[in-house]
1. Just one of (1) in contact with a Gly (Cβ under 6 Å, 6 or more places away or on another chain); (2) assigned to a strand (DSSP E or B); (3) open to solvent by 20 Å² or more (accessible area, probe 1.4 Å) trips up ALA88, so point out which.
2. If THR106 satisfies all but one of (1) under 29 Å from the mean Cα position of the chain (by Cα); (2) surrounded by 15 or more Cβ atoms within 10 Å (Cβ to Cβ); (3) over 20 Å from ALA35 (Cα atoms); (4) not hydrophobic (A, V, I, L, M, F, W, C), what's the number of the condition it fails?
3. Pairs, please: C-beta under 6 Å, at least 6 apart or cross-chain, first residue more than 18 Å from ALA316 (Cβ to Cβ) and free of Cβ contacts under 8 Å to residues at least 24 places away in the same chain and in segment 257-273, second in a helix (DSSP H, G or I) and open to solvent by 10 Å² or more (accessible area, probe 1.4 Å)?
4. Would you mind telling me which numbered condition in (1) hydrophobic (A, V, I, L, M, F, W, C); (2) at pLDDT below 95; (3) open to solvent by 40 Å² or more (accessible area, probe 1.4 Å); (4) within 28 Å of the chain's Cα centre (by Cα) ALA469 fails?
5. Kindly check whether there is at least one residue in segment 453-466 that is part of a helix (DSSP H, G or I), open to solvent by less than 20 Å² (accessible area, probe 1.4 Å) and without any contact (Cβ under 8 Å) to a residue 60 or more places away in the chain.
6. Return only the number of the condition from (1) under 30 Å from the mean Cα position of the chain (by Cα); (2) over 30 Å from ARG190 (Cα atoms) that LEU111 does not satisfy.
7. Here are some conditions: (1) more than 32 Å from the chain's Cα centre (by Cα); (2) without any contact (Cβ under 8 Å) to a residue 40 or more places away in the chain. ARG76 meets all but one. Which one does it not meet?
8. Could you check segment 1-35 and list, in sequence order, the residues that are farther than 20 Å from VAL129 by Cα, open to solvent by less than 80 Å² (accessible area, probe 1.4 Å) and in a helix (DSSP H, G or I)?
Amino acid sequence: MIRLRETIEVARPIDEVFAYVSNFGNAAQWDPGVADSSKSGPGPIGIGTKFDLRVKFGPRSIPMTYVVREYDPPHRVLLEGNGDSVHALDDIGFVAEPRGTRITYTADISLLGASRIVEPLLKGALDRVGRNAVRGLEAALSGESPTPERSRLTDLQDRLIVPGLLGFTNLGYHWHKRSWKPLAVSLRDRTVVVTGATSGLGQAAALQLAELGARVILVGRNRDKAEDTRREIVAATGNDDIAVALADLSLLSEVRKLARKLLRDEPRIHVLVNNAGVLLNQRTTTAEGNEATLATNLLAPYLLTQTLLPRLRASAPSRIINVSSGGMYATGLALDDLQYEGGAYDGSRAYARAKRALVTLTEIWAAQLSGSGVVVHAMHPGWADTPGVAGSLPGFHRITRRFLRTAEQGADTITWLAASPEAARVSGMFWLDREPHTTHVLPGTAPSPQERQELMEALARLTGWKQRA
């Protein structure tokens, strides 16, 4: 048996450190000796929880299963790992210190079968592996990432169109992910509202946010579907602080009702994720007379955000995240026909117009809220394989299916914007894969100051906001 023992200190609270480290599904984020890691089943982490890892062993990687054998939060976790040729016991202790947390990591490693013969010869190599792992953990839990900025290379790729479109695919996701720092944070005692939370990106983001410990309010139209989603998230994460709020966001009356409920029930709201959206192939009007794509994708997030802003200000630091689309690059604002009453209706174009306006609204809100402790971001998920895409764009879905991201990959930037310290230091940006991007690539699509003002006036008129403000 070879014993490895390392001690580090990190400037993070013990509860947050324990939650991150004891979840060995995070191991690949910090241990360079782990090629892949995941939690193998639903439920809270505790005694008996299993994790599937692929551990690098020379030129190859070997599968190992780790099982939690002892669990004493936030002080100690003991995990037992088994593979075909190796057995490991990882005993990790945590002690609160005035400046953060001291972590003592002890690993007992035994080679099995014929490999036992060379075990003494591998002690030096395994020592280096252990030191690198703990240094990786220290880096994941320490230090401040630089303030995000747009890069000239990314701007160039976006403006060249084809490289930018490649970035929307699952290939782009995996390429960008190589440079990400682990999201080693906790959202305990933070309340997050997610609209459109019962499928696709919204459901994936809600689950990820629940995994980080947030109280999550799932906004959906269908009670049964919303309750099923709530139960699934609780079962998967062990976080039972998940609530449901019902609203058809195509109707302004229901948006107002939702806002009143949230203001009544939630003393604090730290994050609002405006995710609900619809893409219709035929022009449809709501019972209130608004074109449905406009109502759901633009009027609803405008009215909900405006109504919740006092609570978001009072809960600061807080964040607003508007889920847009890369399709908005194809168009500018259409202020002369927001309801799409003129000419032949094009559902994709109506969707892109609304998403363009939502990005513009993000920039306006960011300027208005500067210095308030409320930051506002827009993001697009890339090309993600969601029920909405499959149902609304079947031809596109069929052709691009091999290259579509999963909903979880598409939702990653929503979660990162809601949780990361870096995203709290900037506002008004448009994001893909945790990186800010330009908001326009085609001539004539950047809104003028006059158009921004006209957009705000039109939204206030269509929602009745000024009359109620």
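1. The one condition ALA88 does not meet is (3).
2. Here THR106 meets the rest and fails (1).
3. From segment 257-273, no pairs qualify.
4. Here ALA469 clears every test but (4).
5. As a first pass, look at segment 453-466 and keep what is part of a helix (DSSP H, G or I): 453-463, 465-466.
After this cut, where a residue has to be open to solvent by less than 20 Å² (accessible area, probe 1.4 Å) as well, the list is 455, 458-460, 463.
Retained after the next criterion (residues that are without any contact (Cβ under 8 Å) to a residue 60 or more places away in the chain): 460.
Yes: segment 453-466 contains one or more residues that are part of a helix (DSSP H, G or I), open to solvent by less than 20 Å² (accessible area, probe 1.4 Å) and without any contact (Cβ under 8 Å) to a residue 60 or more places away in the chain.
6. With (1) under 30 Å from the mean Cα position of the chain (by Cα); (2) over 30 Å from ARG190 (Cα atoms) applied to LEU111, the lone miss is (1).
7. Among (1) more than 32 Å from the chain's Cα centre (by Cα); (2) without any contact (Cβ under 8 Å) to a residue 40 or more places away in the chain, ARG76 violates only (1).
8. Selection gives ILE14, GLU16, VAL17, PHE18, ALA19, TYR20.
The values are calculated or read from the model by the stated rules, or taken from the named source; none is laboratory data. On a predicted model such as this, the values are computed, not experimentally measured, just so you know. When we count neighbours, we look across all protein chains shown, and the Cβ atoms used for this are built from the backbone with ideal geometry, even at glycine. We work out accessible area using only protein heavy atoms, side chains counted, and drop any ligands, DNA or RNA first. Shrake-Rupley method; radii C 1.70, N 1.55, O 1.52, S 1.80 Å.
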